[in-house]
Amino acid sequence: MRFIDTHCHFDFPPFIDDAAASIARAAQAGVERIIVPSVDASRFGLVSQLAQQHDALFAALGLHPINIAQHQDAHLDELENWLKTPDRKRVAIGEIGLDLYMDDAQFDKQTRLLDAQLKLAKRYDLPVILHSRRTHDQLALHLRRHDLPRRGVVHGFAGSQQQAERFIQLGYAIGVGGTITYERASKTRNTIAQLPLTSLLLETDAPDMPLQGFQGQPNRPERARNTFEVLCQLRSEAPAEIAAALWHNSQRIFALPT
């Protein structure tokens, strides 16, 4: 079976220290492609370079809400300058979104930067990789207002089934990560079990979001396969059907080469 990790911060340790070996480890588990979202303007160049250097890697450029304190308006101009130059390995704008979990959220600034990046996604015809913590309802309002032609994915989803269905109705996919490997995450597990298979993507958020059994260790892209195995336990479809759908969904949303 073939897999795509649609969300891995490969530009951070431990991967950046030995990129070729990390890609090979992922490939041994069937994870053949990895999308690398950036978190701030200082990493646009590194993420783009990694994608150029390695066939398995694809880049997404964006300003992550968790780093809201350091983002400046000039960084939006920098992002657009990168987008003006065509690059077949750039497949999305991300990681962008909203976050009300952290202290000093500067939410007005977050929403302004989100709206600006959604406008860039529309202008340059790219999907978006979306971060959302305690902000699903607010994020849905922004997505409805901007009506992006390429849509994208709400990554690391851990909300209610009603919230997930609202994103799906807007045309967005739901990122399935390591949260479902924890039995105590019953709400998320039940939600993912019920959603349309055509709306699911596989992801790790490595090196973050460690899976059950790997707490205290950096998450890794090859563990997307572990998440897939748990997903198969939660779903009624055959594993081959689930794997094929996850691959097809990722190819379609990010326009990856066949």
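Rule-based calculations on the coordinates, nothing more; no lab input. Keep in mind it's a predicted model, so treat the numbers as computed, not measured. Cβ placement follows ideal geometry from the backbone for every residue including glycine, while neighbour counts extend to all protein chains displayed.
Compute a Gaussian network model of the chain, connecting alpha carbons closer than 10 Å, and tell me which residue from ASP87, ASP55, ASP103 fluctuates the most.
ASP103
Just add up the charged neighbours of GLN161: K/R +1, D/E -1, any other residue whose Cβ is under 13 Å from the Cβ of GLN161. Could the numbers behind the result be given before it?
Working: positive: ARG166, LYS187, ARG189; negative: GLU165.
That sum, taken over residues with Cβ under 13 Å, equals +2.
When a/c reaches 1.5 or more, the comparison of a/b and b/c decides; with that in mind, is the stretch 23-97 rounded, prolate or oblate per its Cα gyration tensor?
Working: a/c = 2.80, a/b = 1.75, b/c = 1.60.
Prolate.
The stretch 95-132 to the stretch 188-258: how many Å between their Cα centroids?
If you average the Cα positions of each part, the centres end up 24 Å apart.
Compute a Gaussian network model of the chain, connecting alpha carbons closer than 10 Å, and tell me which residue from ARG123, ARG184, ARG43 fluctuates the most.
Answer for the Gaussian network model of the chain: ARG184.
Given R₀ = 35 Å, what would the calculated FRET efficiency be for GLN28 paired with SER236, taking r from the Cβ atoms and rounding to 0.05?
Values: r = 29 Å, r/R0 = 0.83.
After rounding, the FRET efficiency stands at 0.75.
Subtract the Cα-Cα distance of LEU170 and ARG123 from 0.36 nm times their separation in residues, and report this length gain in nm to one decimal. Show your work: numbers first, answer last.
Values: separation 47, 0.36 × 47 = 16.92 nm, distance 1.88 nm.
Length gained between LEU170 and ARG123: 15.0 nm.
For Cα pairs less than 8 Å apart in space and 6+ apart in sequence, what is the mean separation divided by the residue count of the chain, i.e. the relative contact order in percent?
Details: 504 pairs, mean separation 52.6, N = 258.
Relative contact order here is 20 percent.
Write out the GluC sites (Glu not before Pro) in the stretch 152-239 meeting two conditions: DSSP loop, and at most 12 other Cβ atoms within 10 Å of their Cβ. Walk me through the numbers before you get to the answer.
Values: sites: GLU165, GLU183, GLU203, GLU222, GLU229, GLU237; in loops: GLU183, GLU203, GLU237.
When the GluC sites (Glu not before Pro) of the stretch 152-239 are filtered for loop state and at most 12 Cβ neighbours within 10 Å, GLU183 remain.
For the chain, with a Gaussian network of springs between Cα atoms less than 10 Å apart, report the residue from SER38, SER132, SER22 with the top mean-square fluctuation.
Taking springs between Cα atoms under 10 Å, the residue moving most is SER22.
Could you work out how far apart the two model spin labels at ASP55 and TYR182 are, taking each label as a point 7 Å from the Cα in the direction of the beta carbon, and quote it in nm?
Each label point is offset 7 Å from its Cα along the Cβ direction, giving 3.8 nm.
Could you tell me which label, among [x] 12; [y] 32; [z] 24, carries the value of percent of Cα pairs over 33 Å apart calculated for this structure?
Matching entry in [x] 12; [y] 32; [z] 24: [x].
Taking the Cα centre of the stretch 159-220 as origin and charging only Cβ (+1 Lys, Arg; -1 Asp, Glu), how large is the dipole, in debye to the nearest 20?
Numbers: 5 positive and 5 negative charges, 28 e Å.
Here the size comes out at about 140 debye.
Need the list of lysines near LYS119 for cross-linking: C-alpha distance under 23 angstrom, and skip anything on the same chain fewer than eight residues off.
The reachable lysines, counting only those whose Cα sits under 23 Å from LYS119, are LYS84, LYS89, LYS109.
Find how much the distance from ASN67 to ILE16 grows on full extension, using 0.36 nm per residue of separation minus their present alpha carbon separation; answer in nm with one decimal.
Values: separation 51, 0.36 × 51 = 18.36 nm, distance 2.02 nm.
That pair, ASN67 and ILE16, stretches by 16.3 nm at full extension.
At 7 Å along the Cα-to-beta-carbon direction for both ARG134 and MET1, put a label point, then send me their distance in nm to one decimal.
The two pseudo-label positions are separated by 3.5 nm.
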